[in-house]
Amino acid sequence: MAKTDLFESPDYYFLDELLTEEHKLVRAAVRDFVKKEVSPIIEDYAQRAEFPKHLIKGLGEIGAFGPTIPVQYGGGGMDYIAYGLIMQEVERGDSGIRSTASVQGSLVMYPIYAYGNEAQRNKYLPKLATGEMMGCFGLTEPNHGSNPSGMTTNYKDAGDHVILNGAKMWISNSPFADIAVVWAKNEEGKIKGIIVERGMEGFTTPETHNKWSLRASSTGELVFDNVKVPKENILPNVEGLKGPLGCLNQARFGIAWGAIGAAMDCYDTALRYSKERIQFDRPIGGFQLQQKKLAEMITEITKAQLMNWRLGVLKSEDRATPAQISMAKRNSVETAMNCAREARQMLGGMGITGEYPIMRHMMNLESVVTYEGTHDIHLLITGMDVTGLNAFQ
Ligand code: TGC
Ligand code: FAD
């Protein structure tokens, strides 16, 4: 049976007063979409471990794909607060759906926009913005996750095209993506971005099964067996690891906002439940131990909302540093995981069922804390930033 989504957004420090009318309109449209299209179906799709492909068109219509990409290429031309709000609302529905939007906007459209030429921008961006074309991002390899600089995927010059070999794994959307932005080494060992299209001979995308997390998101591999890729598909304007890491700045920013969306949903669900569930002849919300959980949740959510808002302002002014983004990604995911655990306990046995969204959020967050740089990697990025000493070398 389709579920009614009763979500009410917590805003303890009146952060709405810092938003423009456009921000609120964008947020309202996404919230409405999530309530009507995502919440009623997401539990069933997650249980079946299936990505709800029919949502793609609607995600394009609400501007979830490439909100900050200029309008002339089909993007939303919006600022980073608007982008953050979109990710917050989408992940409030499900982290897997936000993953699809993050990958499409930040990891596929952004590199084509930032590092591509005009022909590449015009060929791909408008279709990616509507969802008519879907993309994925291949950086991680079986033997190179946290240390992508060691990647072995490579291409060799062969006249008007290159020959690509190697494999990527843990790639969101790969099983159904039309194109993949792949990071590979050239013959000089320099990392370059290259657009690989479905249908190119020797290119396959096997799906990864048996995930307990992000079950409503499709994850797979990218396998390149002597794939002939035209040279015109190489992104000309970046070289080195700063190419893919530059994309990750965009996506990690979206996760910082998105994870707090999941936290807000857990808090809101637990708050409502605590007022309705009667034990010992009174609502459990009247017990001090339950109030402690709620008070700590809303405190941490509010701190993270403030951090995200400030980061959004800095990002819109092009002043946010990668280390500031790392701090927010790490803080938001930790906050969300703690909220999910506490909220789940507050629902007692009901907390482990699909009647409520909390367990699904909790399981999803186990991926969110790992991808786009693990919790420990982001801690080390902060450590390096404040000490000036690099723990990676
Ligand atoms: P390092 O020597 O520090 O840096 C190499 C070059 O990159 C530059 N750089 C950055 N540029 C832009 N943005 C950043 N955030 C940057 N961080 C570093 C740096 O200045 C240098 O430039 P240059 O010009 O001197 O060459 O690199 P390292 O090899 O020591 O590695 C550093 C480390 C560990 C922090 C980095 O590699 C890292 O972040 N590792 C984590 C890997 C990761 O996040 N993978 C994510 C894969 S994609 C994904 O998970 C998508 S999930 C999507 C979804 O479903 O939502
Ligand atoms: P490892 O790098 O092997 O790390 C294992 C453990 O060692 C971690 O706890 C890590 O923190 C720790 N560790 C590693 N190095 C250090 C160090 N120097 N100091 C201290 N501790 C360290 N990748 C893509 O390219 N595209 C995608 O679309 C994508 N989607 C994903 C979707 C899902 C569902 C998942 C789970 C992953 C996805 N990833 C994607 C991959 C993701 O980015 C990697 O899983 C992540 O970067 C970690 O790499 P790893 O899994 O190889 O772990």
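Could you give the accessible area per residue of region 242-387, probe 1.4 Å, as a whole number in Å²? Provide the component values of the computation, followed by the final result.
Working: 6330 Å² over 146 residues.
Accessible area per residue, region 242-387: 43 Å².
For region 242-387, with only Lys/Arg (+1) and Asp/Glu (-1) charged at the beta-carbon, what is the dipole magnitude about the Cα centre, in debye rounded to 20? Provide the component values of the computation, followed by the final result.
On the way: 17 positive and 15 negative charges, 28 e Å.
Its charge dipole is roughly 140 debye.
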List the GluC sites (Glu not before Pro) within region 1-32 that DSSP assigns to loop and that have no more than 10 neighbouring Cβ atoms inside 10 Å.
GLU8
Out of THR382, GLY351, CYS136 - ranked by how far each Cα lies towards the positive end of the dipole of the chain, with unit charges on the beta-carbon of charged residues - the top one is GLY351
I need the shape label for the chain. Rule: rounded when a/c is under 1.5, else prolate if a/b > b/c, else oblate, with a, b, c from the alpha carbon gyration tensor.
prolate
Share of carbon and sulfur in the accessible heavy-atom surface of the chain [1.4 Å probe, %]:
53
Once you order the gyration tensor axes a ≥ b ≥ c over the Cα atoms, which shape class does region 15-130 get: rounded for a/c under 1.5, otherwise prolate or oblate by comparing a/b with b/c?
oblate
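Counting only heavy atoms of the protein chains, get the accessible area per residue of region 135-233 (1.4 Å probe) and round it to a whole Å² value.
Details: 4290 Å² over 99 residues.
Here the residues of region 135-233 average 43 Å² of exposed surface.
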How long is the gain from VAL313 to THR130 if the chain were fully straight, where each residue apart is worth 0.36 nm and the alpha carbon distance is subtracted?
63.2 nm
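Count the net charge of all other residues whose Cβ sits under 13 Å from the Cβ of GLN291, scoring Lys and Arg as +1 and Asp and Glu as -1.
Working: positive: LYS275, ARG282, LYS292, LYS293; negative: GLU296, GLU342.
Overall, the nearby charge balance is +2.
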Through the Karplus equation 6.51 cos²θ - 1.76 cosθ + 1.60, θ set to phi - 60°, convert the phi angles of region 381-393 into ³J(HN,Hα) values in whole Hz; use x for Gly and Pro.
5, 5, x, 5, 5, 7, 9, x, 10, 8, 7, 7, 10
Taking Lys and Arg as +1 and Asp and Glu as -1, residues besides ASP5 with C-beta under 12 Å from its C-beta add up to -2
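Would you mind giving the average projected area, over all directions, of the Cα convex hull of region 225-306 in nm² with one decimal?
Numbers: hull surface 40.7 nm².
So the Cα hull casts an average projection of 10.2 nm².
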Region 185-201 - phi-based ³J(HN,Hα) in whole Hz, Karplus 6.51/-1.76/1.60, Gly and Pro as x
8, 8, 5, 8, x, 8, 7, 10, x, 9, 8, 9, 9, 4, x, 5, 4
For region 135-233, go through all pairs of different Cα atoms, get the mean of 1/r, take its inverse, and jot down that Kirkwood value in Å.
13.5
Rounded if a/c is under 1.5, else prolate if a/b beats b/c, else oblate: with a ≥ b ≥ c from the C-alpha gyration tensor eigenvalues square-rooted, which is region 63-222?
oblate
For region 280-393, taking Cα atoms only, what is the radius of gyration to one decimal and the Dmax to the nearest whole Å?
17.4, 60
Quick one: Karplus J couplings for region 233-243, per residue in order, coefficients 6.51, -1.76, 1.60, θ = phi - 60°, nearest Hz, x for Gly and Pro?
8, 7, 6, x, 9, 8, 8, x, 5, 5, x
Which one, ALA340, TRP183, VAL90, projects farthest toward the positive side of the charge dipole computed for the chain from Cβ point charges (K/R +1, D/E -1)?
ALA340
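For n ≥ 4 DSSP H runs only, could you compute -39500 (n - 2.57) per run for the chain, divide by its residues and tell me the 222 nm figure to the nearest 500? Let's see the in-between values first.
On the way: 12 runs with 183 residues, N = 393.
So the calculated ellipticity at 222 nm is -15500 deg cm²/dmol.
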Whenever you get a sec, line up LEU379, LEU289 from highest to lowest accessible area (probe 1.4 Å, protein heavy atoms).
LEU289, LEU379
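As a test of reading the structure, rank MET87, MET327, MET362, MET307 by solvent-accessible area (1.4 Å probe, protein chains only), most first. Working shown, then result.
Numbers: MET87 0, MET327 90, MET362 40, MET307 65 Å².
Of MET87, MET327, MET362, MET307, the descending order of accessible area is MET327, MET307, MET362, MET87.
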For region 88-149, convex hull volume per residue from C-alpha positions, Å³:
118
For labels at ARG277 and GLU207 in the simple 7 Å Cα→Cβ model, what's the distance in nm?
3.4
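Considering only the other residues whose Cβ falls under 13 Å of the Cβ of HIS161, what net charge follows from Lys and Arg at +1 and Asp and Glu at -1?
On the way: positive: LYS156, LYS228, LYS231; negative: ASP157, ASP160, GLU197, GLU201, GLU232.
Around HIS161, the surrounding residues sum to -2.
The values are calculated or read from the model by the stated rules, or taken from the named source; none is laboratory data. Just so we're clear, the structure is a prediction, and the values are computed from it rather than from any experiment. As a convention, Cβ positions derive from the backbone with ideal geometry for all residues, glycine included, and neighbour counts pool all protein chains shown. All accessible areas refer to the heavy atoms of the entire protein, side chains included, with ligands and DNA or RNA removed. Shrake-Rupley method; radii C 1.70, N 1.55, O 1.52, S 1.80 Å.
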